[in-house]
Amino acid sequence: MNIRLQFALLATLALLACTDEHLPPLVASKLVITMPMAGSGMSAGYMVLTNNSDETITIDGFSSPQFAKVDLHETRIEDGIARMRPLNSIAIEAGDSLVFEKGGKHLMLMGAKENLEHVTLHLHAGDTLLLTVNTQPGTN
Ligand SMILES: [Cu+2]
């Protein structure tokens, strides 16, 4: 094999190393955790979760060191009234994104501990920690 061909092969391998299969499997973007409501210590959480892997990712738990409990909710309109119901888990198909937003799926963070400089959020699948993200609580 001559030198030029070897170089071409190396360049090709370097390019391959940058393709999608090396993205993190689960990515959270546009994360917003609202300031806890005065008195209730309750915040809402919104974000976009993207599954870059080629398998369905199921998330069955959320937790935060800054909150006593984090629940997954879905708001649905039933008989013209918006009702929230808890969800045990969510599944994100391979290559798909899931939006957490007002009026849809969202997180309810309960029992805020002291003043919040930042919020850390853990996403779990059973005993497996899938992802940890951080943000500063904001108004939204
Ligand atoms: Cu809710």
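Mind listing just one residue for me: the one in the range 35-51 that is buried (at least 17 other Cβ atoms within 10 Å of the Cβ) and not aromatic (Phe, Trp, Tyr) and, of those, nearest to the ligand (Cβ to nearest atom)?
Among those residues, the one meeting the criterion is ALA44.
Which numbered condition in (1) touching a residue at least 60 places away in the same chain (Cβ under 8 Å); (2) surrounded by fewer than 17 Cβ atoms within 10 Å (Cβ to Cβ); (3) over 19 Å from GLY61 (Cβ atoms) is the only one that LEU116 fails?
All conditions are met except number (2).
Out of the residues in the range 5-46 that are of a type in the set (Ser, Thr, Tyr) and either more than 30 Å from ASP96 (Cα to Cα) or in a loop (DSSP other than H, G, I, E, B) (or both), which is modelled with the highest pLDDT?
SER40
Evaluate the range 73-90: report whether one residue or more is within 15 Å of the ligand (Cβ to nearest atom), hydroxyl-bearing (Ser, Thr, Tyr) and in a strand (DSSP E or B).
yes
Do we find that GLY138 is on the phi < 0 side of the Ramachandran plot and within 14 Å of the ligand (Cβ to nearest atom) in this structure?
So GLY138 does not fit the description; no.
Please determine whether any residue of the range 67-86 is more than 26 Å from ALA38 (Cα to Cα), under 15 Å from the mean Cα position of the chain (by Cα), surrounded by 12 or more Cβ atoms within 10 Å (Cβ to Cβ) and of a type outside the set (Val, Ile, Thr).
No, there is no match, as no residue in the range 67-86 is more than 26 Å from ALA38 (Cα to Cα), under 15 Å from the mean Cα position of the chain (by Cα), surrounded by 12 or more Cβ atoms within 10 Å (Cβ to Cβ) and of a type outside the set (Val, Ile, Thr).
State the number of residues belonging to the range 91-108 that are away from the ligand (no atom under 14 Å from the Cβ) and on the phi < 0 side of the Ramachandran plot.
Residues of the range 91-108 away from the ligand (no atom under 14 Å from the Cβ): 91-99.
Cutting the leftovers down to on the phi < 0 side of the Ramachandran plot gives us 91-94, 96-99.
Total meeting the criteria: 8.
The values are calculated or read from the model by the stated rules, or taken from the named source; none is laboratory data. Keep in mind it's a predicted model, so treat the numbers as computed, not measured. Note that each Cβ is placed from the backbone with ideal geometry, even for glycine, and that neighbours are counted across all protein chains shown.
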